[in-house]
Amino acid sequence: MRAVMPKPILYDYHRSSACYRVRIALNLKGVDYQPVPVNLLDGEQKAEEYRARNPQGFVPTLEADGERLTQSLAIIDWLEARHPEPALFPAEAGARSHVLAMALAVACDIHPLNNLRVLKYLSGPLAQPQEARDSWYRHWVAEGLAALEAMAAPRAGRFLFGDAPTLADVCLVPQMFNARRFDVPLDSFPTLARADAEANQLEAFAAAHPDRVAPVPANG
Ligand SMILES: N[C@@H](CCC(=O)N[C@@H](CS)C(=O)NCC(=O)O)C(=O)O
């Protein structure tokens, strides 16, 4: 008799863009998973029990095939190795590097400046008013997306690279969702807007949307 592998468990927060990336990748790969909500607003990510899973105190964490995986791009890299189809990277080395560069522009250069702990530090210990916090957020997103638009435009197709979704789109869509939440004007980014709209037509992306995975709490 064949052993039945348990479903992967995703420690998830609906509005976390790092989790949103992993949900999209799981859906694109057709991997069924069990979400376990971690409420960031209640600080559950900092609890000792959760930190035993993820010493950084971040979501996402994925438990799958006896592995405990952290860092969204490392999780997606594992998924790519474990479930190669559909590929999230083009095969040619230069194109692959270009796609990775676009993904990293979001994941390493935009997102870390604007995640919850940074915003909380601005309004807490640094005593910055809400306007300063919002201005910080919008500044780094607008600057980062302008750079991404310039990177993407020459080689984009329906998606950020070519006509199939890649890791770059997996990172783009949650960042665009967050930008809209914080009223960042997006009119100057036509390539990004087009790829975002194309991706959201796909069920793998649509099903990962925060409003589809959990009810939005009033103060979330
Ligand atoms: N580089 C990490 C970033 C993870 C991250 O920043 N997660 C955020 C949610 S998007 C988080 O858990 N924040 C908790 C906090 O700031 O206290 C990844 O890609 O997984």
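Some points to look at:
- If you go through the range 89-113 and keep only what is closer than 25 Å to Pro165 by Cα, of a type outside the set (Gly, Ala, Ser) and part of a helix (DSSP H, G or I), you end up with Arg96, His98, Val99, Leu100, Met102, Leu104, Val106, Cys108, Asp109, Ile110, His111, Pro112.
- Subset of the range 1-55 that is within 9 Å of the ligand (Cβ to nearest atom) and of a type in the set (Phe, Trp, Tyr) - its residue that is surrounded by the most Cβ atoms within 10 Å (Cβ to Cβ): Tyr20
- Only one entry in Ala74, Ala105 is more than 10 Å from the ligand (Cβ to nearest atom) and either of a type in the set (Gly, Ala, Ser) or at pLDDT 95 or above (or both), namely Ala105.
- Out of Ala204, Ala156, sole residue that is buried (at least 20 other Cβ atoms within 10 Å of the Cβ) and on the phi < 0 side of the Ramachandran plot: Ala156
- Scanning the range 77-100 for residues that are away from the ligand (no atom under 16 Å from the Cβ) and closer than 26 Å to Glu143 by Cα, we see that the one that is farthest from the chain's Cα centre (by Cα) is Gly94.
- Among the criteria (1) assigned to a loop (DSSP other than H, G, I, E, B); (2) in contact with a helix residue (DSSP H, G or I) (Cβ under 7 Å, 6 or more places away or on another chain), the one Leu73 does not fulfil is (1).
- Candidates are the residues of the range 153-163 that are over 18 Å from the mean Cα position of the chain (by Cα) and touching a residue at least 12 places away in the same chain (Cβ under 8 Å); the one that is nearest to Leu122 (Cα to Cα) is Ala153.
The values are calculated or read from the model by the stated rules, or taken from the named source; none is laboratory data. Predicted, not measured: the structure shown is a model, and the values here were computed from it. Glycine also receives a Cβ, built like all others from the backbone with ideal geometry; neighbour counts cover every protein chain displayed.
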